[in-house]
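Before any comments, here is the structure.
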Amino acid sequence: MRRVVDASPTARRTPSRADPTVPCSPPFYPHYISPKQTLTAPIPSTKQAPATTEQAGTEAKPKTERRKRVLSGVQPTGSIHLGNYFGAIKNWVKMQEEFDAFYCVVDLHAITAGGHDPKELVKSTRSSAAIYLAAGLDPARSNVLGLDPARSNVFVQSHVSAHSELCWLLNCATPIGWLEKMIQFKEKARKAGEDVSVGLLDYPVLMASDILLYNADIVPVGEDQRQHLELTRDIAGRVNNLYGGGKWKKMGPKGSRAPSGRFRGGEILRVPDAYIPEAGARVMSLTDGSAKMSKSNPAEGSRINVLDSPDEIAKKIKRCKTDAFEGLEFGNPERPEATNLLTMYQLCTGMTKEEVLGECGSMRWGDFKPALTDAVIEHLTPIQARYAEIVEEEGYLDGVLKKGADAANEVAEKTVADVRDAMGFMERIH
Ligand code: ATP
Ligand code: MG
């Protein structure tokens, strides 16, 4: 009954990005500037100013083009759910066509709360990486969207030690007041009480390191990460102010080069932008339309996981919270569940809001729930099939992750070496 396996709302309104004959520019990803601004402005170009090294400042050698870079990650704290998928991963798949893409499983973040289960962590790390590939980030195969084989670098964060190192360097440049203001910290710390870990306070700095190490131009995240992206921009600006420019230039003889090969001076770290999707930016819990769907919610029925079986999906949707109003509608503040479930239907079918309203606006919950169940199952089935293939093929996932980590290390090592250099650490003797 449902029409397409996967066609995003954008894909239905504009020529398909999957079609290699369709020119890629202008890019359609909105640009993030301020928390209040709506997301309409296009990114100027995916082609960067000429660059030969990875760095943001003055370049050393004759000019070659650098593709703009995207970086993002999900923490392996449990099963990847529809919020992670629509809020983050699905956008990564589109972006890898136009951007130099680095996507990591952020396992260092997964232990921030303290007291994690080590066996679960390794299992969840592998499973998350396999979901990335199955959802369309596999560098070696065509993905479920029918795109060309992708070019993403998929890796595990802890396989690149520069993440931890840069985190320390940035910690020492970050005022603690900036971290105490983070909404997620305040919320989670309230729940953790006296047991709140230093990691919980510090995790936005690790996130800033993740992004800044790769000189990412753009970072696709869900709405909940908006504040952390702002913080990343602030930290980058502070480090550039404290140690960049003229001060960095003076760290070596006139016209000398930093460890990355670029000339000393200018910005050490590139200040990134966030990309927050209009639909899917905040997929809400099935049991409370005013709370976001989360891996860490102990109620399994609050989320639909990408790997849930059709039976589990049907059960969860059957039990999900509804209301006593007639018909279905988007945007009624008294009906957060209606907005959430209609949006989920919209995202799974690739229909526009208007099409969804035309089809479902006069439905009762009893009719809509089976339609939503079909749509979710139909959307997830090919991803699950690909996931099964990936985990069954011996050594395949490891091979992809090794290649990804090699590529990531190459970039990250240069950035952290430049930060060390600018901050005055003596160069390692080889
Ligand atoms: P946890 O509960 O452990 O924090 P999480 O579900 O919030 O897990 P994260 O790993 O923190 O997932 O986030 C990974 C990415 O998914 C981020 O870009 C985040 O913005 C996005 N994301 C998380 N939850 C949602 C959601 N409900 N809707 C849209 N995007 C989401
Ligand atoms: Mg989270």
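Every read-out reported here was derived from the displayed coordinates using simple, explicitly stated rules and does not represent laboratory data. None of these values were measured; they are calculated from a predicted model. FYI the Cβ positions are ideal-geometry reconstructions off the backbone, even for glycines, and counts take in every protein chain you see.
Run the quick spin-label model on residue 426 and residue 381: label points 7 Å from Cα toward the beta carbon, then report their separation in nm to one decimal.
6.6 nm
Give the lysines reachable from residue 186 as a straight Cα distance under 22 Å; neighbours fewer than 8 places away on the same chain don't count.
The reachable lysines, counting only those whose Cα sits under 22 Å from residue 186, are 36, 292, 295.
So if we plug the beta-carbon distance of residue 257 and residue 224 into 1/(1 + (r/R0)^6) with R0 = 41 Å, what FRET efficiency do we get, rounded to 0.05?
Once the sixth-power term is evaluated, E becomes 0.55.
Filter the GluC sites (Glu not before Pro) in the range 341-430 to those in DSSP coil with at most 12 other Cβ atoms within 10 Å of their Cβ, and list the result.
Loop-located and lightly packed - 393, 394, 427.
Please give the length that would be gained between residue 311 and residue 192 if that part of the chain were fully extended, namely 0.36 nm times their separation in residues minus their C-alpha to C-alpha distance (nm, one decimal).
That works out to 39.4 nm of additional length.
Could you tell me which of rounded, prolate or oblate describes the range 300-392, using a ≥ b ≥ c as the square roots of the eigenvalues of the alpha-carbon gyration tensor, with rounded for a/c under 1.5 and, failing that, prolate when a/b is larger than b/c and oblate otherwise?
Prolate shape, in that a/c is at least 1.5 and a/b is the bigger ratio.
Along Cα→Cβ, 7 Å out, is where each label goes; now give me the distance between the ones at residue 178 and residue 403 in nm to one decimal.
Between residue 178 and residue 403, the simple spin-label model gives 3.7 nm.
So if each residue of separation counts as 0.36 nm, and I subtract the Cα-Cα distance between residue 299 and residue 388, what length gain in nm does that give?
29.5 nm
With 26 Å as the limit, write out which pairs from 181/249; 90/403; 68/254 have Cα-Cα distances beyond it, or answer none.
Exceeds cut-off: 181/249; 68/254.
Assuming R0 = 60 Å, what is the FRET efficiency of residue 334 and residue 168, from their Cβ-Cβ distance, to the nearest 0.05?
Plugging the Cβ-Cβ distance into 1/(1 + (r/R0)^6) gives 0.80.
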